[in-house]
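Take a look at the structure set out below.
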Amino acid sequence: MKCYCCSGLDYSQCCEPLLKGQRQANSPIELMRSRYSAFATNNNNYINQTMAKKAAINQESNANSPPVHWAGLDILQSPPPRGDHGEVVFIAHYTLNGKKYSMQEHSLFEKISGKWFYVDYVEPH
Ligand SMILES: [Zn+2]
C-alpha cells in the first residue's frame, strides 16, 4: 500500500520503518512526513517521542482534540536544513464530522543529540 504521507512511495519503504523505530528520520522532511503518518495511524507514542522543547510543552493542549480523519498531505516548502535547524511548510487535509478541512503549518525542526525533533511552529501572519 502507498504511504499515508502522500509521498507516492510504498508505506514499507517510506514512513513504516520510522514509525516502528527501525530507523530514525534523516531530515526534517522525513520526520514531518512520518509524523503525519503517525497522526493518520493514531500512533501517539511516535508523535510524542518526536517532539521537543516548546512543541513538547504544548502537547497537553492537543490531548483532548476531537478525532479527525487525516486525508492527505501537501508539502509546500522544505528547504535543506541549516546545520541543526530545519523547517517545512505544509498543508494537511482532514475531515471532521464529515466536513473537509485543511490546515497550513510552518513547522520548525531541530537536531538534538543527532536526532531530529519537531520543536515549534511559526505563527501565521
Ligand atoms: Zn511516508
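Report, in whole Å, the centroid distance computed from the Cα atoms of the range 1-56 and the range 100-114.
12 Å
So how compact is the range 11-122: Cα radius of gyration and Dmax in angstrom?
13.5, 42
Please report how many Lys pairs in the chain have alpha carbons closer than 27 angstrom, counting only residues at least 8 apart along the chain or sitting on separate chains.
Within the chain, the lysine pair count is 12.
Compute a Gaussian network model of the chain, connecting alpha carbons closer than 10 Å, and tell me which residue from M51, M103, M32 fluctuates the most.
M103
What are the ³J(HN,Hα) values, in whole Hz, obtained from phi via the Karplus relation 6.51 cos²θ - 1.76 cosθ + 1.60 with θ = phi - 60°, for each residue of the range 113-125 in sequence order, with x given for Gly and Pro?
Coupling constants for the range 113-125: 6, x, 10, 7, 10, 7, 10, 5, 9, 8, 4, x, 7 Hz.
What value, in deg cm²/dmol to 500, does the helix sum -39500 (n - 2.57) over DSSP H runs of n ≥ 4 give at 222 nm once divided by the residues of the chain?
-6000 deg cm²/dmol
How high is the relative contact order of the range 11-122, in percent, with contacts defined as C-alpha pairs under 8 Å that are six or more residues apart?
26 percent
If I model a spin label at N48 and S113 as a point 7 Å from the Cα along the Cα→Cβ vector, what separation in nanometres do I get?
If labels sit at N48 and S113, their model points lie 1.7 nm apart.
We did not get these values from a lab; they are worked out from the coordinates using the rules stated. Keep in mind the model is a prediction, meaning the values are calculated, not measured. For neighbour counting, all protein chains shown are included, and Cβ atoms are generated from backbone atoms with ideal geometry for every residue, glycine included.
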